[in-house]
1. Report every pair of residues separated by at least 6 positions or lying on different chains whose Cβ atoms are under 6 Å apart, first residue within the stretch 153-165 and in contact (Cβ under 8 Å) with a residue 40 or more places away in the chain, second part of a helix (DSSP H, G or I) and surrounded by 18 or more Cβ atoms within 10 Å (Cβ to Cβ).
2. Could you count how many residues in the stretch 99-139 are part of a strand (DSSP E or B), farther than 20 Å from K162 by Cα and under 24 Å from the mean Cα position of the chain (by Cα)?
3. For residues that are among the polar types (S, T, N, Q) and touching a residue at least 40 places away in the same chain (Cβ under 8 Å), scanning just the stretch 69-87, find the one that is surrounded by the fewest Cβ atoms within 10 Å (Cβ to Cβ).
4. Kindly check whether there is at least one residue in the stretch 51-60 that is at pLDDT 95 or above and closer than 30 Å to L155 by Cβ.
5. Would you be able to tell me the number of residues in the stretch 37-50 that are open to solvent by less than 50 Å² (accessible area, probe 1.4 Å) and under 17 Å from F76 (Cα atoms)?
6. For N117, work out the one condition from (1) touching a Gly at 6+ places or on another chain (Cβ under 7 Å); (2) more than 24 Å from F197 (Cβ to Cβ); (3) free of Cβ contacts under 8 Å to residues at least 40 places away in the same chain it doesn't fulfil.
7. Quickly run through the stretch 58-90 and pick out the residues that are over 15 Å from K101 (Cβ atoms) and in a loop (DSSP other than H, G, I, E, B).
8. Out of the residues in the stretch 23-36 meeting the condition of being among the polar types (S, T, N, Q) and out of contact with any Ser or Thr (no Cβ under 6 Å at 6 or more places or on another chain), tell me which one is surrounded by the fewest Cβ atoms within 10 Å (Cβ to Cβ).
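The values are calculated or read from the model by the stated rules, or taken from the named source; none is laboratory data. The model shown is predicted, which means the values in this text are computed figures rather than measured ones. Glycine gets a Cβ as well: all are built from the backbone with ideal geometry, and neighbour counts include every protein chain shown. Quick note on the areas: whole protein, heavy atoms, side chains included, nothing else; ligands and nucleic acids left out. Shrake-Rupley method; radii C 1.70, N 1.55, O 1.52, S 1.80 Å.
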Amino acid sequence: GNKALSALSGVYLEAMPAVKISLFRLATQAKKIEANFLESKPADGFVLGKVTLAPAEIQLEGSQKALEMAVVKTKFIDLSNRTDSFSIQSELIFPQHVKAKSKLQAVQVNIEIKPENIVKLLELKLVVELPDKFAFKVEHPETVKVKVSGAKKLLESPEIRKIIIVVDFKGLKIDAPGLYPLNPQPKMPPSLTGISFPDLSKINISVKKKEK
């Protein structure tokens, strides 16, 4: 006791600096989990489709301010050169100053990769099919402009030029000259299955008397 005090003779204690202690009430909040792809993209001609996470959200605990700013993401998932849908188990990255209320550390991420659909305006050959012994002369353009929709890979392939637009007079009763609006039908190679023609409308075909 006294010996210890005498040993500190000549030592003076100065005022200690104030220490600020922040107190806050812990809050909880459910946050959606984000899949983290950064800038990666699927292979050319493909796009990212639907993405689902299981579970899709997580309960966090922290101050109200920290919870409002908190973003929970998966670790980086690389989409580069992907052409097919896939699923992956990915660990989570938690922001500072918050913590998970559960032991959840990873989620299942289901990722849809689908062909990129585009629309192109093409000039296609027009074919008019007539019945035998047709009594009239038909006048029509050799080509028509048609809007075509489908996978980018298909619409940029050389096969696309093999599509023809057919107008068929067979089975129709044509007994006088005039302008006949007929429904065109596209014909294309089997390799182009999946292509559609969103604005394909009736084509006016002129029917005239044959010159004697």
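1. L154/L192
2. Number satisfying all stated conditions: 9.
3. If we take residues in the stretch 69-87 being among the polar types (S, T, N, Q) and touching a residue at least 40 places away in the same chain (Cβ under 8 Å), then S80 is surrounded by the fewest Cβ atoms within 10 Å (Cβ to Cβ).
4. Checking the stretch 51-60: at least one residue is at pLDDT 95 or above and closer than 30 Å to L155 by Cβ.
5. Residues flagged as open to solvent by less than 50 Å² (accessible area, probe 1.4 Å) and under 17 Å from F76 (Cα atoms) within the stretch 37-50 amount to 3.
6. Single failed check for N117: (2).
7. Across the stretch 58-90, the qualifying residues are V71, K75, F76, I77, D78, L79, S80, N81, R82, T83, D84, S85.
8. So, considering only residues that are among the polar types (S, T, N, Q) and out of contact with any Ser or Thr (no Cβ under 6 Å at 6 or more places or on another chain), the one surrounded by the fewest Cβ atoms within 10 Å (Cβ to Cβ) is T28.
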